[in-house]
Structure formats: structure tokens, C-alpha cells
Amino acid sequence: MLKVQTIALAASLVSMSAVASDALMQKAKQAGLKPIPQEVSKLFKLIDNPKNPITKQKVELGKKLYFDPRLSKSGLISCNTCHNLAIGGDDNVPVATGHKWAHNPHHLNSPTVYNAVFNSRQFWDGRSPDLEDQATGPIQAPVEMAMDKEKAVEVVKSIPEYKEAFAKAYPGEEITIKTIGKAIGAFERTLVTPSRYDAYLNGDSTALSKAEKEGLKTFIEVGCASCHNGVGLGGTMAPFPAIGKYKYANIGDFKGNKNGMVKVPTLRNILETAPYFHNGATYDIKEAIAIMGETQLGKKLSKKQIESIATFFKALTGKKPYIRYPMLPTETAATPKPNLN
């Protein structure tokens, strides 16, 4: 009899837990939080660009270009230099560093490329509408890859393997800086990282620990989800600072776009993408949470709230796609030579 009662009690507790989880799931969705879809067809629809439909040929070509340092003036810097896929999709240093060790003049930090496909705008000031357009910027930026667009095109056209790959991926299209960006963008669209958080919002009530669920609840209730929402947990434009003063405003001179709007960074894999903020001001996630409470919400979060939110962030570390480093095609005598000056 005791055994039956114990089983009944356990079942009741499980049922109560499931109901509570379901309520939190509903609360999360009402707050605008959305998971990465489990179904491949739904995910593909979400990440695809009708103007540049994803194909295997485009992704393979884009991957090679992403890792190819010959698209830089020095022949040393690739997209992967600042957006390293092995360490969270960024570079883990406070300020983006490029040609001849030049620092970004506004002291801007390199954002992660993982899940960037979910951003509504690209770059901290949101000046690019999509990944394809964004990919052409760093190649030409003097303090990044410092390559003239004509030279970048010359590099690609001088390599028969690349010419053949472009003919297959973009038949009938001329090789330009724009088509180079399209190929890189197609590859970057595949860099999504589903996490336990997604499994939870997709219906698995056991995917998060009790402490992580409490952290998610705190995250929503204090107001973090007002900006960090959608599938990307960020990626839209918002004023920064919104209410309070930003503690590290003196680092760099970036003030956002002409309307003072700054791209909201994704929180996915946040524990792997320090330092934080547009100017890479702190490596301490708890300090970052406290600052966000003050500047964006006008609240002094308690130590318990900060700890709880930081615990929830553990559930946002996702599974990275397997990326095999590509063997790049051999250059020819016609390929422009590196210039270290």
C-alpha cells in the first residue's frame, strides 16, 4: 500500500512540475521568446534568403572564401580571424583588430557570427540589411582586411577552382564583390546553434534544470526579454543606453546610428563570447547583467537576480555545426601577391 502511495505521490509531483513548466513555456512565448525550430523544413525557411537561396554549392564555396586569407591585403586575415568558429564565432578580444594590428577606430568589438542569420540588421549600427551585404564590408575596410574590391575579385578570378565553383553556384553571374559576399553569406546562414533552451521551448520540460527555469523566469520578469527576444534573443535595434548612464561610455566614441540606436547582441552562446558590449568593456557576465539592468531597465538588480539570470545563460550554449577546415584552391602566377604595408 505504501509503495502504491509513493508511486502516486511521485506521479503527482511530476504532473505538477510539468504544469509549472508548461506555464513558464507559455510565459516565455508571450514575452516574445521563440525557439530555433526542430523541423529542418521550418528552420530552412527561417534562415534562407529568397534573393540568394541556399544551395550546397553556394555553402561550400562560401566556406572556402570565409577561411581564405588571400581576400585580405596582407594575405593573413580571413573572415574567421575575427569571427573564429572554434571559439564562439568572435575573437575574444575587446576591440576588432585587423591589417597591421590596427584597432577599430571606434573601439568596436567583433560580434559573433553564430546565429547572426537571425539578426534583422547587421553591424552594430545596423547599416547592413543582411549577411550577404555585411560580408563585403570587412574585406574592404582599411582597419580590417584592407583589400580593394577590385583586388579581391582579381584574386578569385585568378584561381581556376574558384572560377569553376562560381560558375556552378552562380551560373550566368559575373564574379564581383557582391557575388563574393553572396557566397560567404550563404555559408554564414548555416551557422545556427540549437541549445537546451530551444529544446525546452519546443516542449521538452526536462531540458532545463530547476535553477535555469528560475533564471528564465527572472529574465522575463525583470524585463530583459523586452529587447532580447525573438529566435535570436536579440538582433533588432534599440537605444543604448536607454535610461541610465553606461558605466564604460568613455571606451571608444560609438554612439549608435543617427538615431542613437544600437544592434541588440544575441544572447545565444553568451558565455562563450566575452568580452561584452559594443566596446568589449567587460569579461564578467555578472557585471554585464548588472549594467544592463541599470542602463536599459533603470533597475538595480539584486545579487540573487543576477546569479539567476547568469545560470539561465548556461542553457543558451548551443550545439555548433561541424565545420571541417577546407583545403583552399591553389593560387596561380596571376594571383595578386600579399602586401604587408
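The values are calculated or read from the model by the stated rules, or taken from the named source; none is laboratory data. These figures come from a predicted structure and were not determined experimentally. Positions of Cβ are generated from backbone atoms using ideal geometry, with glycine treated the same way; all protein chains shown enter the neighbour counts.
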Just one listed residue, out of G181, G185, is within 18 Å of P321 (Cβ to Cβ) and assigned to a helix (DSSP H, G or I), and it is G185
How many residues of the stretch 220-263 are buried (at least 16 other Cβ atoms within 10 Å of the Cβ) and at positive phi? The answer is 7
Kindly establish whether L267 is of a type in the set (A, V, I, L, M) and assigned to a helix (DSSP H, G or I).
no
Scan the stretch 17-45 for residues that are within 24 Å of C224 (Cα to Cα), surrounded by 12 or more Cβ atoms within 10 Å (Cβ to Cβ) and modelled with pLDDT of 95 or more and jot them down.
L24, M25, K27, A28, K29, A31, G32, L33, K34, P35, I36, P37
Considering only the stretch 313-341, state which residues are over 30 Å from T218 (Cα atoms) and among the hydrophobic types (A, V, I, L, M, F, W, C).
I323, M327, L328, A333, A334, L340
Among the residues of the stretch 77-114 satisfying the criterion of being in contact (Cβ under 8 Å) with a residue 12 or more places away in the chain and small (G, A, S), which is nearest to F277 (Cα to Cα)?
S110
Report yes if some residue within the stretch 314-333 is among the aromatic types (F, W, Y), more than 22 Å from V95 (Cα to Cα) and surrounded by fewer than 20 Cβ atoms within 10 Å (Cβ to Cβ); otherwise report no.
yes
In the list T311, T295, T273, which residue meets the criterion of being out of contact with any Ser or Thr (no Cβ under 6 Å at 6 or more places or on another chain), closer than 23 Å to F240 by Cα and in the same structural domain as N229 (by TED's automatic domain parsing)?
T295
